[in-house]
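Encoded as structure tokens, the structure appears first; notes follow it.
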Amino acid sequence: MQSAQQARTIVVLGGPSAHRLVSEFGSTDRLGLVKGDVYDAQSLHSAFNDAYGVFAVTQNRIVGGNIDTKDDMKHELEAGRNIVNAADACKVQHFFMSSLPNLTNASSGHFIKVYHFDYKHQIEQWAWQRLPAVTALLPGLFYSNMLWEQYFRK
């Protein structure tokens, strides 16, 4: 008999989304909520331990923070490096990630300094270099982005 796989959702404990997930779903035999933080490498090692696969999404935004310069966005590279390194250390067999193309290269230099594209592409390259199996999804835009004020005004 084959054992059932459990999906783990990594949450930053203490945040409102973590409390909502715990209250709505709790932990079941099919879904486990585990503490993790993309800026805390050790927490990712704990979360990825014994995992077959990982699906990762990085973001260029910081809750409560402003993004005004290229350096303000480099936190996404730190998060991506931590995720890839933890997946490698934990011997994750399949790594899935949300990525985007390097827009400078893809546009033959017409669009430059589109860091949230370029950084996701850089993280994808790290994953391909370090991990045995990588699937990169390039959605371009998530439906939840439409909730941002710049896309939708009430």
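Points to keep in mind about this one:
- Set the Cα radius of gyration of segment 36-147 against 2.2 N^0.38 Å, with N its number of residues, and you get 1.08.
- Under 15 Å from the Val57 label point (7 Å along Cα→beta-carbon), backbone N, segment 63-96: 63, 96
- Difference of contour (0.36 nm per residue) and Cα-Cα distance, Ala7 to Asp50: 14.3 nm
- Projected label points at Gln42 and Phe111, each 7 Å from Cα along the beta carbon direction, are separated by 4.1 nanometres.
- Label-point gap, in nm, between Trp128 and Thr104 - each point 7 angstrom along Cα→Cβ: 1.7 nm
- Cβ-Cβ FRET estimate between Lys35 and Thr69, R0 fixed at 30 Å, reported to 0.05: 0.45
FYI, it's all coordinate maths here, none of it is from the lab. This structure is a prediction, so every number in the text was calculated from the model and none was measured. All Cβ positions, even for glycine, are placed from backbone atoms using ideal geometry, and neighbour counts span all protein chains on display.
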